[in-house]
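Have a look at the structure below before the remarks.
The values are calculated or read from the model by the stated rules, or taken from the named source; none is laboratory data. No experiment lies behind these values; they were computed from the predicted model shown. Methodologically, a virtual Cβ is constructed for each residue, glycine included, from the backbone with ideal geometry; neighbour enumeration extends over all protein chains shown.
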Amino acid sequence: MDILTTDEMARADQLTIAAGTPGFKLMRAAGRAVADVAGELAEEGAILVVAGRGNNGGDGFVAAAELAAQGRDVSVILLCDRATLKGDAALAAKGWKGEVLPCDPSLIGQPALIIDALFGAGLNRPVKGDPLIMIDAINAAGVPVLAVDLPSGINGDSGGVMGGAIRATETVTFFRPKPGHLLVPGRVHCGRLRVIDIGIDEDVLAEIRPQTFENNPDLWADAFPVPKINSHKFSRGHAVIVSGDIASTGAARLSARAALRGGAGLVTVASPRDALAVNAAALTAVMVRPVDTAAEFAALIGGKVSACVIGPGAGVGERTRMFVEAILAARRHAVLDADALTSFADAPERLFDLIKASPESGVVLTPHEGEFSRIFSKVDEKHPAVSKLERVRLAAQESGAIVLLKGPDTVVASPDGRATIAANAPPWLATAGSGDVLAGVIGALLAQGVPAYEAACIGVWMHGEAGSEAGPGLIAEDLTEVLPAVFRRLYDQLGIQY
Ligand SMILES: NC(=O)C1=CN([C@@H]2O[C@H](COP(=O)(O)OP(=O)(O)OC[C@H]3O[C@@H](n4cnc5c(N)ncnc54)[C@H](OP(=O)(O)O)[C@@H]3O)[C@@H](O)[C@H]2O)[C@@H](O)CC1
Ligand SMILES: [K+]
């Protein structure tokens, strides 16, 4: 599904209004939808609406009037003087015939539900003073909270907490999700998210041309590689995974197994001779080749090799740097992870120049936060206050690669501006070796000819699904073993016969 920034959402509103739908009609639809959800969340008992001075508060007034018309016990607290309300919010407040209570936290009490309509998309600075006291008091009340559009205090574009923010049980947003609903901590503050149609025509998207998407199969189903009846192991691609020295071989083996499970026809571990016995003893379907020098490595990948994965356990230093350079010189599809990135921390431009020299190669960088800060320190220096989404977009432009920044809200971005946010990763996916498996799955997809942006997105999604499939207590080894179940569910979802 498309994700709209708050500016893009405002544009969707404007285009809809310009096409003849009054803004107040949208507000009425929004407020009524909020009232419906409130009725579901609290089938009986008192409902308190806490409204701010803008249109978010206007939605709250519409919901209050609607719930009162249904015979519910409703009260309204307003952050400002009623007489100062303007525009649609003033119109909405006129529809509320009851009393308006002042902004006093002691009036919150213990209702069955609080509707948070303090701030939505119009939040433009950190919350302090009375609104912050109110937010803290709502959080402390210990009753379910339904947030209108955004939990108040959450930045709709970054998901960041601006001074303080409501922790909602559920959030109702309109037309399309915003980045702040999926990026943490915003996602955590939202609780369950519902996206509701308020009468905005989907045609506006053709004009807005959103560039951000939730990472799910709708987005990349067409690029998903399905083996044909006449496929053979060579046509499914050959992935090479670089092993570290004898003390750190496990990470590469995890990646290699993931690459095989991920659908690569052949997988070879390029192993230093001192680690050959260890790697060979621990691998069966995955092949092992002795490789010590850059020349040996170049000779190996100069053959029928479609993708390389380097980084997991590879070691930081000259050997890894030279192998990365060999991969890029040979124009192989590549996943550069972990140590492969840190090895260029002192000279990231060198890496980016090599990547940009072969834009058709399809290179995916898969840093975690620490690795990202090391290699993209310039992006962080130049743009200190941007969201995770924008940081990754800038990093993709800077490097010329597909950049994937891991986390509970993994972002994948392309230099052409497209980006996805994933929301399917369970918390127990954050475990040792988990990233090695992700690198291997993406390597398998690249080996099968999937374009790099789609390969990264599919890999992230499958990795998240594997985490849910394995469940709490998972270790990285479990992820590769549940991949067949993830494939089966995806095949079912996409209507692929097997
Ligand atoms: N557009 C449409 O057609 C539709 C919009 N809809 C709804 O409108 C919502 C957006 O409404 P909005 O733009 O009026 O802003 P909103 O979030 O209510 O904020 C209000 C004002 O608060 C202020 N303020 C900001 N930060 C502050 C702070 N930290 N501390 C104190 N004050 C602060 C700031 O005013 P300022 O003080 O800067 O003059 C700001 O303007 C959207 O989320 C959705 O719910 C739906 O009805 C569907 C149709
Ligand atoms: K709100």
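Tell me whether the range 164-171 contains one or more residues that are in a strand (DSSP E or B), buried (at least 21 other Cβ atoms within 10 Å of the Cβ) and not hydrophobic (A, V, I, L, M, F, W, C). Scanning the range 164-171 turns up at least one residue that is in a strand (DSSP E or B), buried (at least 21 other Cβ atoms within 10 Å of the Cβ) and not hydrophobic (A, V, I, L, M, F, W, C).
The set of residues in the range 136-146 that are in contact with a strand residue (DSSP E or B) (Cβ under 8 Å, 6 or more places away or on another chain) and either within 10 Å of ligand 1 (Cβ to nearest atom) or assigned to a loop (DSSP other than H, G, I, E, B) (or both) comprises 143, 144. If we keep just the residues of the range 46-60 that are within 11 Å of ligand 2 (Cβ to nearest atom) and farther than 9 Å from residue 114 by Cα, which is nearest to the chain's Cα centre (by Cα)? Ranking the candidates gives 56 first. Taking the criterion of being surrounded by fewer than 17 Cβ atoms within 10 Å (Cβ to Cβ) and either among the β-branched types (Val, Ile, Thr) or modelled with pLDDT under 95 (or both), the residues of the range 189-200 that qualify are 195, 196. The residue of the range 219-244 that is nearest to the chain's Cα centre (by Cα), among those that are surrounded by fewer than 20 Cβ atoms within 10 Å (Cβ to Cβ) and not in a loop (DSSP other than H, G, I, E, B), is 219.
Candidates 345, 307: the one that is buried (at least 19 other Cβ atoms within 10 Å of the Cβ), over 25 Å from residue 3 (Cβ atoms) and at pLDDT 95 or above is 307. Of all residues in the range 207-218, those satisfying the criterion of being part of a loop (DSSP other than H, G, I, E, B) and out of contact with any strand residue (DSSP E or B) (no Cβ under 8 Å at 6 or more places or on another chain) are 209, 216. Screening residue 204 against (1) over 18 Å from residue 418 (Cα atoms); (2) touching a strand residue (DSSP E or B) at 6+ places or on another chain (Cβ under 8 Å); (3) buried (at least 19 other Cβ atoms within 10 Å of the Cβ) leaves a single unmet condition, (2). Against the conditions (1) surrounded by fewer than 24 Cβ atoms within 10 Å (Cβ to Cβ); (2) touching a strand residue (DSSP E or B) at 6+ places or on another chain (Cβ under 9 Å); (3) farther than 30 Å from residue 301 by Cα, residue 420 satisfies every one except (1). With respect to the conditions (1) touching a helix residue (DSSP H, G or I) at 6+ places or on another chain (Cβ under 7 Å); (2) closer than 23 Å to residue 132 by Cα; (3) away from ligand 2 (no atom under 11 Å from the Cβ), residue 64 lacks only one, and its number is (1). Scanning the range 160-189 for residues that are among the polar types (S, T, N, Q) and within 12 Å of ligand 2 (Cβ to nearest atom), which turns out farthest from residue 46 (Cα to Cα)? Filtering first and then ranking leaves 173. Just one of the listed residues (120, 109) is in the same structural domain as residue 27 (by TED's automatic domain parsing), more than 16 Å from ligand 1 (Cβ to nearest atom), assigned to a loop (DSSP other than H, G, I, E, B) and of a type in the set (Gly, Ala, Ser), namely 109.
Cβ separations smaller than 6 Å between residues 6+ apart or across chains give the following pairs from the range 145-157 residues that are farther than 16 Å from residue 124 by Cβ to residues that are within 8 Å of ligand 1 (Cβ to nearest atom): 148/56; 148/59; 148/117. Residues of the range 410-427 being more than 12 Å from residue 183 (Cα to Cα) and under 8 Å from the mean Cα position of the chain (by Cα), which ones? Of everything in the range 410-427, just one residue is more than 12 Å from residue 183 (Cα to Cα) and under 8 Å from the mean Cα position of the chain (by Cα), namely 412. Scanning the range 73-84 for residues being within 16 Å of ligand 2 (Cβ to nearest atom) and closer than 10 Å to residue 53 by Cβ gives a total of 3.
Screening the range 113-159 for residues that are at positive phi and in contact with a Ser or Thr (Cβ under 9 Å, 6 or more places away or on another chain) and picking the one that is nearest to ligand 2 (Cβ to nearest atom) gives 149. If you filter the range 275-302 down to residues that are touching a residue at least 24 places away in the same chain (Cβ under 8 Å) and of a type in the set (Gly, Ala, Ser), you find that the one that is surrounded by the fewest Cβ atoms within 10 Å (Cβ to Cβ) is 285. Filtering 259, 264, 221 for residues that are away from ligand 2 (no atom under 16 Å from the Cβ) and within 21 Å of residue 315 (Cβ to Cβ) leaves a single hit, 259.
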